[in-house]
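Chemist: Let me begin by handing over the structure; questions about it come next.
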(Lines give C-alpha, C1' and ligand atoms only; values in the text may rest on other atoms or scores of the structure.)
Protein backbone atom coordinates (compact mmCIF):
# COMPACT_ATOMS: atom_id res chain seq x y z
CA UNK A 1 0.00 0.00 0.00
CA UNK A 2 3.03 2.23 0.10
CA UNK A 3 2.29 3.71 -3.30
CA UNK A 4 -1.16 4.91 -2.36
CA UNK A 5 -1.59 8.49 -1.27
CA UNK A 6 -4.17 8.07 1.51
CA UNK A 7 -2.69 7.66 4.92
CA UNK A 8 -4.03 4.72 6.84
CA UNK A 9 -4.59 5.05 10.52
CA UNK A 10 -3.20 1.58 10.94
CA UNK A 11 0.13 0.20 9.92
CA UNK A 12 0.09 -1.58 6.55
CA UNK A 13 -1.37 -5.03 6.67
CA UNK A 14 -0.66 -8.04 4.53
CA UNK A 15 -4.38 -8.33 3.89
CA UNK A 16 -4.30 -5.10 1.90
CA UNK A 17 -2.10 -6.76 -0.67
CA UNK A 18 -4.81 -9.20 -1.64
CA UNK A 19 -3.72 -12.08 0.57
CA UNK A 20 -5.65 -13.59 3.44
CA UNK A 21 -5.65 -11.63 6.68
CA UNK A 22 -2.67 -12.29 8.91
CA UNK A 23 -2.57 -11.25 12.54
CA UNK A 24 0.76 -9.89 13.50
CA UNK A 25 1.34 -9.16 17.17
CA UNK A 26 -0.85 -6.50 18.73
CA UNK A 27 -1.87 -4.43 15.76
CA UNK A 28 -5.30 -3.78 17.21
CA UNK A 29 -5.21 -1.10 19.84
CA UNK A 30 -2.19 0.61 18.41
CA UNK A 31 -3.76 1.62 15.15
CA UNK A 32 -7.21 2.90 15.88
CA UNK A 33 -7.97 6.31 17.26
CA UNK A 34 -10.00 6.61 20.44
CA UNK A 35 -12.43 8.95 18.73
CA UNK A 36 -13.09 6.40 15.98
CA UNK A 37 -13.62 3.65 18.56
CA UNK A 38 -15.88 5.65 20.90
CA UNK A 39 -18.07 6.98 18.13
CA UNK A 40 -18.75 3.38 17.17
CA UNK A 41 -19.09 1.44 20.39
CA UNK A 42 -21.09 4.11 22.22
CA UNK A 43 -23.23 5.33 19.36
CA UNK A 44 -23.48 2.60 16.71
CA UNK A 45 -23.75 -1.15 16.52
CA UNK A 46 -26.66 -3.23 17.70
CA UNK A 47 -28.67 -2.20 20.71
CA UNK A 48 -30.81 -4.78 22.39
CA UNK A 49 -33.27 -3.78 25.04
CA UNK A 50 -32.83 -6.32 27.70
CA UNK A 51 -31.12 -7.63 30.70
CA UNK A 52 -29.03 -5.08 32.42
CA UNK A 53 -29.46 -1.53 31.29
CA UNK A 54 -27.17 1.30 32.09
CA UNK A 55 -27.48 4.61 30.35
CA UNK A 56 -24.08 5.63 29.24
CA UNK A 57 -22.79 9.06 28.67
CA UNK A 58 -23.95 10.55 25.41
CA UNK A 59 -20.98 10.86 23.08
CA UNK A 60 -21.41 14.62 22.86
CA UNK A 61 -21.39 14.92 26.62
CA UNK A 62 -18.41 12.62 26.85
CA UNK A 63 -16.54 14.76 24.37
CA UNK A 64 -17.23 17.90 26.32
CA UNK A 65 -16.12 16.24 29.53
CA UNK A 66 -12.88 15.28 27.89
CA UNK A 67 -12.41 18.86 26.75
CA UNK A 68 -12.96 20.04 30.30
CA UNK A 69 -10.40 17.56 31.50
CA UNK A 70 -7.92 18.77 28.96
CA UNK A 71 -8.48 22.23 30.38
CA UNK A 72 -7.33 20.82 33.69
CA UNK A 73 -3.77 19.82 32.98
CA UNK A 74 -3.18 17.45 35.86
CA UNK A 75 -6.31 15.42 35.34
CA UNK A 76 -5.60 15.15 31.65
CA UNK A 77 -2.14 13.81 32.35
CA UNK A 78 -3.63 11.25 34.71
CA UNK A 79 -5.78 10.11 31.85
CA UNK A 80 -2.73 9.68 29.72
CA UNK A 81 -3.76 12.57 27.52
CA UNK A 82 -0.69 14.65 26.89
CA UNK A 83 -0.63 14.83 23.13
CA UNK A 84 -1.58 18.45 23.46
CA UNK A 85 1.57 19.49 25.23
CA UNK A 86 3.26 22.06 23.12
CA UNK A 87 0.24 22.39 20.86
CA UNK A 88 -0.74 26.06 20.74
CA UNK A 89 -4.33 25.27 19.77
CA UNK A 90 -4.95 23.12 22.81
CA UNK A 91 -3.15 25.48 25.13
CA UNK A 92 -5.51 28.17 23.99
CA UNK A 93 -8.39 25.77 24.56
CA UNK A 94 -7.30 25.36 28.15
CA UNK A 95 -7.20 29.10 28.64
CA UNK A 96 -10.47 29.83 26.94
CA UNK A 97 -13.18 31.41 28.99
CA UNK A 98 -15.35 29.07 26.96
CA UNK A 99 -14.76 26.58 29.76
CA UNK A 100 -17.65 28.23 31.56
CA UNK A 101 -19.82 27.76 28.49
CA UNK A 102 -18.76 24.14 28.24
CA UNK A 103 -19.81 23.51 31.82
CA UNK A 104 -23.15 25.12 31.13
CA UNK A 105 -23.55 22.93 28.06
CA UNK A 106 -22.76 19.85 30.18
CA UNK A 107 -25.55 20.78 32.57
CA UNK A 108 -27.98 21.37 29.72
CA UNK A 109 -27.19 18.02 28.13
CA UNK A 110 -27.46 16.19 31.43
CA UNK A 111 -30.86 17.71 32.03
CA UNK A 112 -31.95 16.77 28.57
CA UNK A 113 -30.77 13.19 29.08
CA UNK A 114 -32.71 12.93 32.32
CA UNK A 115 -35.76 14.23 30.53
CA UNK A 116 -35.33 11.74 27.68
CA UNK A 117 -35.65 8.83 30.06
CA UNK A 118 -34.73 5.44 28.69
CA UNK A 119 -33.94 5.46 25.01
CA UNK A 120 -32.22 2.96 22.78
CA UNK A 121 -32.26 0.53 25.65
CA UNK A 122 -29.75 2.56 27.60
CA UNK B 1 -30.61 -23.84 37.19
CA UNK B 2 -33.73 -22.62 38.95
CA UNK B 3 -35.71 -20.17 36.86
CA UNK B 4 -35.15 -16.62 37.96
CA UNK B 5 -38.16 -14.32 38.21
CA UNK B 6 -38.15 -11.82 35.37
CA UNK B 7 -37.71 -8.88 37.69
CA UNK B 8 -35.78 -5.70 37.27
CA UNK B 9 -32.17 -6.03 38.39
CA UNK B 10 -31.54 -4.63 41.86
CA UNK B 11 -28.85 -2.02 41.86
CA UNK B 12 -25.71 -3.26 43.49
CA UNK B 13 -26.92 -6.76 44.25
CA UNK B 14 -24.24 -9.26 43.30
CA UNK B 15 -25.35 -12.23 41.28
CA UNK B 16 -24.77 -15.72 42.60
CA UNK B 17 -21.51 -16.37 40.84
CA UNK B 18 -20.02 -12.89 41.20
CA UNK B 19 -19.66 -12.62 37.45
CA UNK B 20 -21.54 -11.02 34.59
CA UNK B 21 -21.54 -11.88 30.94
CA UNK B 22 -20.27 -9.26 28.51
CA UNK B 23 -21.21 -9.83 24.88
CA UNK B 24 -19.07 -8.40 22.11
CA UNK B 25 -21.03 -9.36 19.03
CA UNK B 26 -23.20 -11.84 17.18
CA UNK B 27 -21.80 -14.23 14.59
CA UNK B 28 -23.33 -16.94 12.40
CA UNK B 29 -23.96 -20.14 14.33
CA UNK B 30 -22.90 -23.62 13.42
CA UNK B 31 -19.59 -22.65 11.86
CA UNK B 32 -16.20 -22.62 13.54
CA UNK B 33 -15.19 -19.15 14.69
CA UNK B 34 -11.69 -18.29 15.82
CA UNK B 35 -12.28 -16.24 18.93
CA UNK B 36 -9.48 -14.07 20.32
CA UNK B 37 -7.56 -15.36 23.30
CA UNK B 38 -8.42 -12.52 25.63
CA UNK B 39 -10.92 -9.73 25.89
CA UNK B 40 -11.86 -7.11 28.46
CA UNK B 41 -9.75 -7.23 31.57
CA UNK B 42 -7.67 -10.07 30.09
CA UNK B 43 -10.68 -12.38 30.52
CA UNK B 44 -11.09 -15.37 28.26
CA UNK B 45 -13.37 -15.15 25.24
CA UNK B 46 -15.86 -17.86 24.33
CA UNK B 47 -18.65 -18.62 21.91
CA UNK B 48 -22.26 -19.16 23.00
CA UNK B 49 -24.08 -21.15 20.38
CA UNK B 50 -27.81 -20.61 19.87
CA UNK B 51 -28.38 -22.53 16.66
CA UNK B 52 -28.34 -20.25 13.61
CA UNK B 53 -26.62 -17.48 15.53
CA UNK B 54 -23.99 -17.34 18.23
CA UNK B 55 -22.56 -14.70 20.54
CA UNK B 56 -18.97 -13.98 21.41
CA UNK B 57 -18.67 -13.17 25.09
CA UNK B 58 -16.56 -12.97 28.22
CA UNK B 59 -17.40 -13.68 31.83
CA UNK B 60 -16.23 -10.71 33.86
CA UNK B 61 -16.04 -10.07 37.60
CA UNK B 62 -19.25 -8.35 38.64
CA UNK B 63 -17.33 -6.14 41.05
CA UNK B 64 -15.42 -4.59 38.17
CA UNK B 65 -17.89 -4.84 35.31
CA UNK B 66 -21.30 -5.51 36.78
CA UNK B 67 -24.22 -3.16 36.72
CA UNK B 68 -23.09 -1.18 39.75
CA UNK B 69 -19.65 -0.69 38.25
CA UNK B 70 -21.10 0.52 34.97
CA UNK B 71 -23.38 2.97 36.74
CA UNK B 72 -20.45 4.24 38.74
CA UNK B 73 -18.26 4.68 35.70
CA UNK B 74 -20.92 5.67 33.18
CA UNK B 75 -19.54 9.19 33.05
CA UNK B 76 -15.88 8.40 33.44
CA UNK B 77 -14.18 8.95 30.09
CA UNK B 78 -11.03 7.12 31.10
CA UNK B 79 -12.83 3.97 32.22
CA UNK B 80 -15.16 4.02 29.24
CA UNK B 81 -12.26 4.54 26.86
CA UNK B 82 -10.46 1.52 28.24
CA UNK B 83 -13.47 -0.78 28.12
CA UNK B 84 -14.46 0.53 24.69
CA UNK B 85 -11.01 -0.14 23.29
CA UNK B 86 -10.88 -3.67 24.67
CA UNK B 87 -14.41 -4.35 23.40
CA UNK B 88 -13.50 -3.17 19.91
CA UNK B 89 -10.20 -5.07 20.01
CA UNK B 90 -12.11 -8.33 20.18
CA UNK B 91 -14.44 -7.29 17.36
CA UNK B 92 -11.54 -6.07 15.27
CA UNK B 93 -9.99 -9.49 15.45
CA UNK B 94 -13.26 -11.25 14.65
CA UNK B 95 -14.03 -9.16 11.56
CA UNK B 96 -10.81 -10.29 9.94
CA UNK B 97 -12.30 -13.75 9.43
CA UNK B 98 -15.99 -13.72 10.23
CA UNK B 99 -19.23 -11.86 9.70
CA UNK B 100 -19.97 -10.19 13.02
CA UNK B 101 -22.68 -7.83 14.24
CA UNK B 102 -21.04 -5.60 16.83
CA UNK B 103 -22.99 -4.86 19.99
CA UNK B 104 -23.11 -1.34 21.38
CA UNK B 105 -21.89 -0.93 24.95
CA UNK B 106 -22.71 -1.86 27.66
CA UNK B 107 -23.92 -5.23 26.28
CA UNK B 108 -24.18 -6.84 29.69
CA UNK B 109 -26.10 -9.96 30.70
CA UNK B 110 -26.55 -11.65 34.04
CA UNK B 111 -25.36 -15.00 32.79
CA UNK B 112 -25.13 -17.25 29.74
CA UNK B 113 -28.75 -18.29 30.12
CA UNK B 114 -29.97 -14.73 29.70
CA UNK B 115 -27.64 -14.13 26.77
CA UNK B 116 -28.92 -17.32 25.17
CA UNK B 117 -32.50 -16.18 25.66
CA UNK B 118 -31.72 -12.90 23.96
CA UNK B 119 -30.10 -14.68 21.02
CA UNK B 120 -33.11 -16.93 20.59
CA UNK B 121 -35.65 -14.15 20.77
CA UNK B 122 -33.75 -11.95 18.30
CA UNK B 123 -32.52 -14.80 16.13
CA UNK B 124 -34.59 -13.92 13.06
CA UNK B 125 -33.46 -10.29 13.05
CA UNK B 126 -29.85 -11.29 13.64
CA UNK B 127 -29.91 -13.80 10.82
CA UNK B 128 -31.30 -11.16 8.48
CA UNK B 129 -28.70 -8.64 9.57
CA UNK B 130 -25.88 -11.15 9.17
CA UNK B 131 -27.17 -11.96 5.71
CA UNK B 132 -27.30 -8.29 4.80
CA UNK B 133 -23.65 -7.69 5.71
CA UNK B 134 -22.34 -11.09 4.70
CA UNK B 135 -18.74 -10.85 3.54
CA UNK B 136 -18.65 -7.08 3.99
CA UNK B 137 -16.53 -4.91 6.25
CA UNK B 138 -16.71 -1.26 7.19
CA UNK B 139 -14.04 1.25 6.23
CA UNK B 140 -13.93 4.72 7.72
CA UNK B 141 -12.81 7.59 5.51
CA UNK B 142 -12.09 11.03 6.88
CA UNK B 143 -11.10 14.18 5.04
CA UNK B 144 -8.99 16.64 6.96
CA UNK B 145 -7.95 20.14 6.06
CA UNK B 146 -4.27 19.85 6.81
CA UNK B 147 -2.83 22.50 4.55
CA UNK B 148 -3.51 25.44 2.36
CA UNK B 149 -4.38 24.98 -1.29
CA UNK B 150 -1.43 25.55 -3.55
CA UNK B 151 -1.81 29.15 -4.71
CA UNK B 152 0.35 32.05 -5.73
CA UNK B 153 1.55 34.13 -2.81
CA UNK B 154 0.03 37.61 -2.82
CA UNK B 155 2.41 40.40 -3.73
CA UNK B 156 3.26 43.03 -1.17
CA UNK B 157 0.74 45.87 -1.22
CA UNK B 158 2.18 48.97 -2.78
CA UNK B 159 -0.32 51.41 -1.28
CA UNK B 160 -3.01 51.73 1.37
CA UNK B 161 -5.69 51.25 -1.27
CA UNK B 162 -3.84 48.26 -2.61
CA UNK B 163 -3.73 46.82 0.90
CA UNK B 164 -7.45 47.25 1.41
CA UNK B 165 -8.17 45.65 -1.95
CA UNK B 166 -5.97 42.70 -1.03
CA UNK B 167 -7.88 42.30 2.24
CA UNK B 168 -11.20 42.37 0.43
CA UNK B 169 -9.93 39.92 -2.16
CA UNK B 170 -8.57 37.62 0.53
CA UNK B 171 -11.97 37.45 2.21
CA UNK B 172 -13.67 36.75 -1.10
CA UNK B 173 -11.05 34.13 -1.93
CA UNK B 174 -11.56 32.40 1.40
CA UNK B 175 -15.26 32.27 0.78
CA UNK B 176 -14.73 30.90 -2.69
CA UNK B 177 -12.22 28.38 -1.38
CA UNK B 178 -14.71 27.23 1.20
CA UNK B 179 -17.36 26.80 -1.45
CA UNK B 180 -14.99 24.96 -3.73
CA UNK B 181 -13.85 22.73 -0.88
CA UNK B 182 -17.45 21.88 -0.13
CA UNK B 183 -17.96 20.80 -3.72
CA UNK B 184 -14.75 18.77 -3.66
CA UNK B 185 -15.82 17.04 -0.45
CA UNK B 186 -19.25 16.24 -1.84
CA UNK B 187 -17.75 14.88 -5.05
CA UNK B 188 -15.24 12.83 -3.07
CA UNK B 189 -18.00 11.29 -0.97
CA UNK B 190 -20.01 10.49 -4.09
CA UNK B 191 -17.00 8.72 -5.61
CA UNK B 192 -16.40 6.71 -2.45
CA UNK B 193 -20.07 5.82 -2.14
CA UNK B 194 -20.01 4.63 -5.73
CA UNK B 195 -17.38 2.07 -4.79
CA UNK B 196 -19.20 0.80 -1.72
CA UNK B 197 -22.35 -1.20 -1.12
CA UNK B 198 -23.62 1.33 1.37
CA UNK B 199 -22.28 4.58 2.76
CA UNK B 200 -23.11 7.00 5.52
CA UNK B 201 -21.93 10.44 6.63
CA UNK B 202 -21.43 11.06 10.34
CA UNK B 203 -20.78 14.15 12.39
CA UNK B 204 -17.21 15.41 12.17
CA UNK B 205 -15.34 14.45 15.30
CA UNK B 206 -14.43 16.88 18.02
CA UNK B 207 -10.79 17.95 17.78
CA UNK B 208 -10.23 17.46 21.51
CA UNK B 209 -11.45 13.89 21.29
CA UNK B 210 -9.22 13.19 18.33
CA UNK B 211 -6.23 15.00 19.69
CA UNK B 212 -5.78 16.89 16.44
CA UNK B 213 -6.87 20.35 15.49
CA UNK B 214 -7.21 20.14 11.72
CA UNK B 215 -10.82 20.68 10.66
CA UNK B 216 -12.56 17.48 9.67
CA UNK B 217 -14.40 18.06 6.42
CA UNK B 218 -15.92 14.62 6.12
CA UNK B 219 -16.44 11.71 8.47
CA UNK B 220 -17.85 8.82 6.51
CA UNK B 221 -18.23 5.07 6.78
CA UNK B 222 -18.52 2.63 3.90
CA UNK B 223 -19.71 -0.96 3.70
CA UNK B 224 -17.45 -2.74 1.23
CA UNK B 225 -17.40 -6.35 0.12
CA UNK B 226 -14.20 -8.07 1.16
CA UNK B 227 -13.54 -9.03 -2.45
CA UNK B 228 -13.89 -5.41 -3.61
CA UNK B 229 -11.51 -3.92 -1.11
CA UNK B 230 -8.80 -3.23 -3.70
CA UNK B 231 -11.23 -1.45 -5.99
CA UNK B 232 -12.45 0.67 -3.12
CA UNK B 233 -8.89 1.55 -2.19
CA UNK B 234 -8.17 2.57 -5.76
CA UNK B 235 -11.07 5.00 -5.50
CA UNK B 236 -9.67 6.27 -2.22
CA UNK B 237 -6.30 6.80 -3.88
CA UNK B 238 -7.91 8.74 -6.73
CA UNK B 239 -9.78 10.92 -4.26
CA UNK B 240 -6.59 11.56 -2.33
CA UNK B 241 -4.73 12.51 -5.48
CA UNK B 242 -7.43 15.01 -6.41
CA UNK B 243 -7.69 16.54 -2.95
CA UNK B 244 -4.03 16.60 -2.00
CA UNK B 245 -3.25 19.79 -3.97
CA UNK B 246 -6.19 21.41 -2.20
CA UNK B 247 -4.56 20.82 1.18
CA UNK B 248 -6.98 18.04 2.05
CA UNK B 249 -5.71 14.77 3.49
CA UNK B 250 -7.58 11.48 3.25
CA UNK B 251 -7.38 9.05 6.15
CA UNK B 252 -8.72 5.53 6.14
CA UNK B 253 -9.50 3.35 9.15
CA UNK B 254 -10.60 -0.25 9.27
CA UNK B 255 -11.52 -2.90 8.68
CA UNK B 256 -14.27 -2.39 11.22
CA UNK B 257 -17.17 -4.67 11.90
CA UNK B 258 -20.19 -2.94 10.31
CA UNK B 259 -21.12 -0.68 13.23
CA UNK B 260 -22.73 1.86 10.92
CA UNK B 261 -24.77 -0.64 8.94
CA UNK B 262 -26.55 -2.81 11.46
CA UNK B 263 -29.29 -0.55 12.74
CA UNK B 264 -32.03 -3.12 13.00
CA UNK B 265 -34.56 -0.50 13.91
CA UNK B 266 -34.48 -0.16 17.65
CA UNK B 267 -38.23 0.11 17.65
CA UNK B 268 -38.41 -3.46 16.34
CA UNK B 269 -36.31 -4.79 19.17
CA UNK B 270 -38.07 -2.77 21.81
CA UNK B 271 -41.50 -3.84 20.61
CA UNK B 272 -40.81 -7.52 21.10
CA UNK B 273 -42.17 -8.93 24.35
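The values are calculated or read from the model by the stated rules, or taken from the named source; none is laboratory data. In this text the structure is predicted, and so the values were computed from the model without any measurement. In this analysis, Cβ positions are derived from the backbone assuming ideal geometry, glycine residues included, and neighbour counts consider all displayed protein chains.
Chemist: Please go through region B:160-194 and give me each residue that is touching a strand residue (DSSP E or B) at 6+ places or on another chain (Cβ under 7 Å) and farther than 15 Å from residue B:248 by Cβ, ordered by number.
Modeler: B:193
Chemist: Also: Could you list, in sequence order, all residues of region B:34-92 that are in a loop (DSSP other than H, G, I, E, B) and crowded, with 18+ Cβ neighbours inside 10 Å?
Modeler: B:35, B:36, B:39, B:43, B:45, B:66
Chemist: For region B:96-113, state whether one or more residues are in a helix (DSSP H, G or I) and in contact (Cβ under 8 Å) with a residue 40 or more places away in the chain.
Modeler: yes
Chemist: Mind checking which residues of region B:204-242 are modelled with pLDDT of 90 or more, facing chain A (nearest Cβ under 7 Å) and surrounded by fewer than 19 Cβ atoms within 10 Å (Cβ to Cβ)?
Modeler: If the condition is that a residue be modelled with pLDDT of 90 or more, facing chain A (nearest Cβ under 7 Å) and surrounded by fewer than 19 Cβ atoms within 10 Å (Cβ to Cβ), then B:230, B:237, B:241 are the ones that fit.
Chemist: Can you tell me which of (1) free of Cβ contacts under 8 Å to residues at least 12 places away in the same chain; (2) assigned to a strand (DSSP E or B) is the one residue B:190 doesn't meet?
Modeler: Among (1) free of Cβ contacts under 8 Å to residues at least 12 places away in the same chain; (2) assigned to a strand (DSSP E or B), residue B:190 violates only (2).
Chemist: For region B:194-235, how many residues are under 16 Å from residue B:132 (Cβ atoms) and in a strand (DSSP E or B)?
Modeler: 8
Chemist: So, in region B:47-92, exactly how many residues are within 15 Å of residue B:108 (Cβ to Cβ), touching a strand residue (DSSP E or B) at 6+ places or on another chain (Cβ under 8 Å), touching a residue at least 60 places away in the same chain (Cβ under 8 Å) and at the interface with another protein chain (Cβ under 7 Å from one of its Cβ atoms)?
Modeler: Selection size over region B:47-92: 1.
Chemist: Next up: Does region B:129-145 include one or more residues that are more than 24 Å from residue B:34 (Cβ to Cβ) and part of a loop (DSSP other than H, G, I, E, B)?
Modeler: No, region B:129-145 contains no residue that is more than 24 Å from residue B:34 (Cβ to Cβ) and part of a loop (DSSP other than H, G, I, E, B).
Chemist: Next question, about the same structure. So which residues in region B:250-273 are closer than 25 Å to residue B:86 by Cβ and modelled with pLDDT of 90 or more?
Modeler: Result: B:251, B:252, B:253, B:254, B:255, B:256, B:257, B:258, B:259, B:260, B:261, B:262.
Chemist: Considering every residue within region B:255-271, establish whether at least one is surrounded by 14 or more Cβ atoms within 10 Å (Cβ to Cβ), farther than 30 Å from residue B:123 by Cα and within 11 Å of another protein chain (Cβ to nearest Cβ).
Modeler: Within region B:255-271, not a single residue is surrounded by 14 or more Cβ atoms within 10 Å (Cβ to Cβ), farther than 30 Å from residue B:123 by Cα and within 11 Å of another protein chain (Cβ to nearest Cβ).
Chemist: Can I ask one more? Residue under question is residue B:129, and the condition is that it be out of contact with any helix residue (DSSP H, G or I) (no Cβ under 8 Å at 6 or more places or on another chain) and buried (at least 16 other Cβ atoms within 10 Å of the Cβ); does it hold?
Modeler: Yes: the conditions hold for residue B:129.
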